[in-house]
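The values are calculated or read from the model by the stated rules, or taken from the named source; none is laboratory data. Please read all numbers here as calculations on a predicted model, not as lab measurements. Here the Cβ positions follow ideal geometry from the backbone for every residue, glycine too, while neighbour counts run over all protein chains shown. What goes into the accessible areas is simple: the full protein's heavy atoms, side chains included, and nothing from ligands, DNA or RNA. Shrake-Rupley method; radii C 1.70, N 1.55, O 1.52, S 1.80 Å.
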Amino acid sequence: MNKKILLSGVKPTGRPHIGNYFGAMKQFVDMQEEYQNMIFIADYHALNFIQDKEEMSKQIIDLTLDYLAIGLDPQKTLIYKQSDIPEHTELTWIFDTITTMPYLMRAHAYKDAESKNKEINVGTFNYPMLMAADILMYDTDVVPVGQDQKQHVEYARDTAQKFNFIFKKEVFKLPESKILDTVAVVPGTDGQKMSKSNGNTIELFATTEEITKAVMSIPTDSKPIDEPRNPEEDNVFKLHKLFTKSDELFALRERYQKGGISHKESKEILIKNIDTFIKPLREKREQLAQDTDFILDVLKEGGKRAKLKAEKKMEIVREVIGVKLY
Ligand code: ADP
Ligand code: TRP
């Protein structure tokens, strides 16, 4: 039986945090048995933000290490970088020609940038079209992403529909986004959505010291220890829900509700549990980082295999739009 195709990408723009992990990366690993997995490094999307040779190269290697350290297996998952497949940018251009400016102006990412009065580069404006090309190139069935990327997947669906309609052929399959409800938004150390731009992150490969520092910085209320507290409103407890096993979590919840647990004690338990979770990932990453050749081989091999698929798809696309004459 043919497995469904799962595809997703992450921009190589810095160390991943636990929001990225639970919201996106973990799903890639969990689903590599059930689906035909394609997970890539969105380096051309990152070029909107990183315009420095050394930094770009380093970030690409780092993200590949992250992927392998969380358990992506190159035997089961096609791991590649976007820039190895120039067909992505070719397809982006074709999509540009069937897309209007007002439609792209409705994108959340564009509106955010606009409201901050930033000078927006064309690459940022066009971001959803490159993402549509990434997705539609491989007949993707599902795209696991965090809540904030849902709109972008809808752009890909719309674009597929529009292309198929204009050129009167079902060339592109309509993809679905897949959002894991329980962790759709991982809270940061301030209770708001964990995000690099909010400066409230806990890094996925953090050292024990970094975990301690982040958890200790979580703002809490100033009620006396004995007073009951609503665990659902407590920033520390919100993170316990991700890292603390159910029996311990149950006991903690009761202590919050009855009163009697200090913020310090709750934070210390959280630090221990986050560290227990992160330690094996951190160690695996350190071990993989010793062998850069292996990392480059994984990317090279994945890029070759993805390119073959993209070449086939583009043959069809060029034919359908009428530019393929021989
Ligand atoms: P950031 O908000 O830190 O800049 P990105 O925008 O690079 O993160 O997101 C990378 C992936 O991780 C996306 O699929 C995104 O939806 C997911 N993600 C990011 N932050 C969270 C979060 N707090 N909770 C759940 N998923 C998240
Ligand atoms: N825009 C995504 C993000 O910021 C990254 C991305 C690029 C992506 N192309 C994609 C995700 C295709 C899923 C599918 O996280």
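Which members of segment 211-223 meet the condition of being surrounded by 14 or more Cβ atoms within 10 Å (Cβ to Cβ) and of a type in the set (Asp, Glu)?
Scanning segment 211-223 gives no hits.
Identify the residue in segment 249-258 that is in contact (Cβ under 8 Å) with a residue 24 or more places away in the chain and open to solvent by 60 Å² or more (accessible area, probe 1.4 Å) and, among all such residues, is farthest from residue 287 (Cα to Cα).
Only one residue fits best here, namely 258.
Taking residue 6 and the conditions (1) within 14 Å of ligand 2 (Cβ to nearest atom); (2) open to solvent by 20 Å² or more (accessible area, probe 1.4 Å), which numbered condition does it fall short on, given that it satisfies the others?
The single condition residue 6 does not satisfy is (2).
Of the residues in segment 14-56, how many are more than 16 Å from residue 80 (Cβ to Cβ) and either basic (Lys, Arg) or open to solvent by 40 Å² or more (accessible area, probe 1.4 Å) (or both)?
Total satisfying the criteria: 13.
Can you name the condition, by its number, that residue 210 falls short on among (1) assigned to a loop (DSSP other than H, G, I, E, B); (2) in contact with an Asp or Glu (Cβ under 8 Å, 6 or more places away or on another chain)?
(1)
Please go through segment 129-148 and pick out each residue that is open to solvent by 10 Å² or more (accessible area, probe 1.4 Å), part of a helix (DSSP H, G or I) and of a type outside the set (A, V, I, L, M).
147, 148
Only one of these conditions is not met by residue 206: (1) farther than 30 Å from residue 61 by Cβ; (2) hydrophobic (A, V, I, L, M, F, W, C); (3) touching a residue at least 12 places away in the same chain (Cβ under 8 Å). Which number is it?
Residue 206 satisfies all of (1) farther than 30 Å from residue 61 by Cβ; (2) hydrophobic (A, V, I, L, M, F, W, C); (3) touching a residue at least 12 places away in the same chain (Cβ under 8 Å) except (1).
Scanning segment 76-104 for residues that are open to solvent by 40 Å² or more (accessible area, probe 1.4 Å) and under 23 Å from the mean Cα position of the chain (by Cα), which turns out farthest from residue 137 (Cα to Cα)?
Here the residue is 76.
Only residues that are within 13 Å of ligand 2 (Cβ to nearest atom) and acidic (Asp, Glu): list them for segment 106-153, please.
Matches in segment 106-153: 112, 134, 141, 148.
In this structure, does residue 171 turn out to be within 8 Å of ligand 1 (Cβ to nearest atom), surrounded by 16 or more Cβ atoms within 10 Å (Cβ to Cβ) and touching a residue at least 60 places away in the same chain (Cβ under 8 Å)?
no
Among the candidates 226, 275, 190, 158, single out the residue that is in a loop (DSSP other than H, G, I, E, B), open to solvent by less than 80 Å² (accessible area, probe 1.4 Å) and among the acidic types (Asp, Glu).
Matching residue, one of 226, 275, 190, 158: 190.
Quick one: is residue 208 open to solvent by 30 Å² or more (accessible area, probe 1.4 Å), more than 16 Å from ligand 2 (Cβ to nearest atom) and hydroxyl-bearing (Ser, Thr, Tyr)?
Against the criterion (open to solvent by 30 Å² or more (accessible area, probe 1.4 Å), more than 16 Å from ligand 2 (Cβ to nearest atom) and hydroxyl-bearing (Ser, Thr, Tyr)), residue 208 qualifies.
Out of 66, 73, report the one residue that is acidic (Asp, Glu), open to solvent by less than 10 Å² (accessible area, probe 1.4 Å) and more than 26 Å from residue 126 (Cβ to Cβ).
66
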